Amino acid sequence: MDIIKTPKLENVQLLDKYNLRNPSKGTLYFATTHLIFVDHEMRKETWILLMHISSVERLPITTTGSPLLVRTKTFQSVFFVIPRERDCHEMHQTLLRLSQPVHIDELYCFHYKSTPDDLPKSAGWNFFDIQTEFQRMNVPNEQWVLCTANKDYELCDTYPSEIYVPARASTAVLLGSASFRSRGRLPALAYLHHNKAAIARCSQPLSGFSARCMEDEQMLDLIRRANPNCGYMYVVDTRPRINAMVNRAAGKGYENEAFYENIKFQFMGIGNIHVMRKSLQKLVETCEQNSPTMSSFFNGLESSGWLKHIKSILDTSWWIACAIESGVSVCVHCSDGWDRTAQVCSLAALCLEPHYRTINGYQALIEKDWLSFGHKFTARCGHIACDGRERSPVFTQLLDCTWQLLRQRPEAFQFNERFLLTLHDHAHACQYGTFVGNCQKDRRDLRLSERTFSLWGYMANHLHEYKNPLYNPKAHPDVLKPDLSAQSIRFWRGMYCRHENGVHPREPLGDLLPAALEHCSALDHHINYLARRISTFKNLLSGRKAEKSKDTTVVNYQNGNVNTVDIETKTDALQIDNKLLYESGGTLSELECANHDHPLKDASLTKPSKIPLITERADDSIPASLAQLDSEVNTVALDWKSIKNVTECSCSTPLDHYSRKHHCWGCGRCVCTRCVCARAPLPALASPRHAPLCAACSPQHLDSPGDTTMKNEQDTFDKSRMVGVDAIHDPKIDKDTIITRNLKLEKKSRVKNGEEKDPDWSYNAIPQELASHVTDFKRNMSECLKEVQAKDKRTVKRISPKVESPVHGECLIACVLKRNGVIEKGKIHKGNLISLVSKFYAKDTKMMKKLEKNLDRCIEMSVRYQEDECKLASLLNDCTNDLMASNKHKVVVNY
């Protein structure tokens, strides 16, 4: 970049507040996305994403050089001492320019290029849809309908294009209410509970000291009437009353109780963005103290008021949740309705709805209440150079409040602390376009779904990192009641002090439990492998010979050419099953088959003079010698190194509290993400799954015939260290995630020159003899997609009870099956289904027999939904896919 005049600086000191007398000395590098400090002597690297830099401050010059203090939005403070004052000045100016781009097009997301094996740009952008989210709440219905007046953002440019309003609200009422509300943000539905009580949101009225609006009064009355179970409703103003009164002088303010009938008003007292920004600054200063004492830290924490603000947000959210649970609707607003309103509406829904406590549900909550309803992420997170007074930690407070609930009720949440930290960091990093822009209209104008990658796509491909092992969906099936007493609100050390070594436990529970579960899984697969091997050898010893074949190998564990076993020295190692020999009718007596310490057994009979020859022709999966068997068994580590006190990876990468730690299944070592360079099946696992391996344990994997491809992947992987929030990306897609299934229906080519091309259904490894069937199948899929989209304008619908799909999945499956005669008027024709499958899998006779044998069960389970052909098709598809799960050619019908 032309902005970077000096790509590196030598002899730079990095001061640690815990070790001021022995600073690190090394080289400071400028990359296009990161500032990197390398201590060559200690072999330590410090990476700082440029977009994470919040402030750069030059301090008075000292005898050792010019100090420079860099603070980040992830609460990391780095203190550099640069030898020359001129270099310090240039670095200061460069960091200011790179960390605060002037134009939004300069953001990292518009230049970020994913590695070839990562997801396409389209992945994740269609995971969530506001209409689908409201359909989950049974909206539209008799009381609430979809309003099309904001289709082109003419009613309110900071609202989503689809908003839901009372069914009886006329266009005149909507226009009048919008003109009476600040920035046109009229009351709109945010959440509908199963008891028909609703959370609506809006901005403050333009009431001044005496103004009124009949349409706005009618609008609130219609919201009240939309809940037939209660004769009144609440209007919650999240501001302190004094703030609302001051706004009256500017022609704004709050509702006059005399003009609104059957409505109760409540002020809550949450501070504005300026109060929160100053509070966070004091909190950061408290955490930066060099040698904090107990009194200085607690005094600083108290003076910041941060925990008091967190409690006030939770108090308001719980008050709203209690009102909704009791059947009373609530309309919420603050000043403009995009900061405090978003906080309390989403947190109230989090307490009320278990769905929002899942990973997908929480992401949908952010999409609905924050992204769609116009929280100003670019302004509040400081993505580009702008007025510093617009920056405020509003989204950080949402995550902090969520963490408070997660800490109190860990079994109620599917996600863990790492999930919240990842959301926080990526909201500020701009690596993905998900949080760029101030409203939905901004994102559409910037064409982010076409020009940038989605954070949801990346996170869906790493779901295993965000799952909470303590999650139990049955623990809190309804309302989650938090403990909001003063002593229950805690300081979030994992967020605000995560970069400080020594203040975190070396074995955090969030990492320990997943590691233990993974270790148990590895041992279970290994036990199954051993049981299978033992069964094979018992069959060989008992004389049950396998079917012979010319192409099979010879297994000789006693007499042979190069693999001869010495009877006198290797008998014990063979572990011959004497009980099996006796029961199988061998020539040995009962005494000879007894254990060696039998009291009647002569010493001369301790070892048999002859061991039955184990020579059997078997398939290639059986090792041909003891050496090969021993090598196979030892491919899996039984003992794993504990993550306790692991401070550094073998590659010298420091591992702190926030670092993701992995275990190599081959050697059991604890390594960093970068060192888990390969995933390969291990012979000693009774599972085809690809196990994570370090470089030392996968030499044969890299030296295989496809080693060129693997090395290219590794080169790409090493290059990816220079990009991204974590500076690390996995080179492979996890085949177990929802993404690979959804991508089967992705359109690879977007709209070009005003013409929409047919989807490329992207099936791989299709044999040539199936080409004609595949062509017909693709044509049916494309035509059915158009047919379904023409009937149903929703962009997202469930493809099955198991996963989400980016298109109308259930009805799409039904259309394809009906075209092939499988489904007709709610009935399933078994013969036509078998005929359809046999077009692609006729050669796989074993799978076809299995399908024919078990297909009746699938049909019986599916026909319960004869009236809903879409659901019937979905259940039939899931069941048949499960029957074919072991089929290695499962590429066509797996949609």
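The values are calculated or read from the model by the stated rules, or taken from the named source; none is laboratory data. Bear in mind the structure is a predicted one, so any value in this text is a computation, not a measurement. Here the Cβ is made from the backbone with ideal geometry for all residues, glycine too, and neighbour counts use every protein chain on show.
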>> Given the condition charged (D, E, K, R) and more than 23 Å from R389 (Cα to Cα), answer yes or no: does some residue in the range 269-280 qualify?
In response: no
> Applying the selection to the range 227-259, what residues are part of a loop (DSSP other than H, G, I, E, B), of a type in the set (D, E, K, R) and more than 19 Å from Q343 (Cβ to Cβ)?
Replying inline: K252, E255, E257
> Within the set of pairs 6+ apart or on separate chains, which have a first residue in the range 834-848 that is not assigned by TED's automatic domain parsing to the domain that holds K778, a second that is buried (at least 16 other Cβ atoms within 10 Å of the Cβ) and among the charged types (D, E, K, R), and C-beta atoms under 6 Å apart?
Replying inline: none
> Any residue in the range 837-854 that is at pLDDT 75 or above and under 30 Å from F134 (Cα atoms)?
Replying inline: no
> Looking at the range 411-430, which of its residues are more than 20 Å from Y496 (Cβ to Cβ) and touching a Cys at 6+ places or on another chain (Cβ under 6 Å)?
Replying inline: C430
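To keep it simple, each residue is scored yes or no on (1) hydroxyl-bearing (S, T, Y); (2) in the same structural domain as E648 (by TED's automatic domain parsing); (3) farther than 21 Å from Y496 by Cβ.
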| residue | (1), (2), (3) |
| --- | --- |
| S24 | yes, no, yes |
| T27 | yes, no, yes |
| H34 | no, no, yes |
| W47 | no, no, no |
| P60 | no, no, yes |
| K73 | no, no, no |
> Do we find a residue being basic (K, R), touching a Gly at 6+ places or on another chain (Cβ under 6 Å) and either in the same structural domain as R43 (by TED's automatic domain parsing) or at pLDDT 80 or above (or both) anywhere in the range 664-677?
Replying inline: no
>> Taking the conditions exactly as written (under 30 Å from R389 (Cβ atoms), among the acidic types (D, E) and at pLDDT 95 or above), does D237 satisfy them or not?
In response: yes
> What helices (runs of 4 or more DSSP H), lying completely within the range 273-355, carry at least 3 residues that are in contact with a strand residue (DSSP E or B) (Cβ under 6 Å, 6 or more places away or on another chain)?
Replying inline: 340-352
>> Can you find, within the range 522-537, the residue that is modelled with the lowest pLDDT among those that are surrounded by 13 or more Cβ atoms within 10 Å (Cβ to Cβ) and of a type in the set (S, T, Y)?
In response: T536
>> Out of the helices (runs of 4 or more DSSP H) lying entirely within the range 436-487, which hold 2 or more residues that are of a type in the set (F, W, Y) and buried (at least 17 other Cβ atoms within 10 Å of the Cβ)?
In response: 455-460
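Residue-by-condition table, conditions (1) aromatic (F, W, Y); (2) under 27 Å from K308 (Cα atoms); (3) more than 36 Å from the chain's Cα centre (by Cα):
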| residue | (1), (2), (3) |
| --- | --- |
| A198 | no, no, no |
| P205 | no, no, yes |
| Y232 | yes, no, yes |
| P240 | no, yes, yes |
| M245 | no, yes, yes |
| E261 | no, no, yes |
| M268 | no, yes, no |
| I273 | no, yes, no |
> How many of the residues in the range 636-656 are in contact with a helix residue (DSSP H, G or I) (Cβ under 7 Å, 6 or more places away or on another chain) and at pLDDT below 85?
Replying inline: 1
> Looking at this structure, is T6 within 30 Å of S392 (Cβ to Cβ) and at pLDDT below 90?
Replying inline: no
> Of all residues in the range 59-71, which are part of a strand (DSSP E or B) and in contact with a strand residue (DSSP E or B) (Cβ under 6 Å, 6 or more places away or on another chain)?
Replying inline: G65, S66, P67, L68, L69, V70, R71
> Just checking, how many residues over the range 19-52 are in contact (Cβ under 8 Å) with a residue 60 or more places away in the chain and under 34 Å from the mean Cα position of the chain (by Cα)?
Replying inline: 14
>> Given the condition closer than 21 Å to D868 by Cβ, surrounded by 14 or more Cβ atoms within 10 Å (Cβ to Cβ) and modelled with pLDDT under 75, answer yes or no: does some residue in the range 767-787 qualify?
In response: no
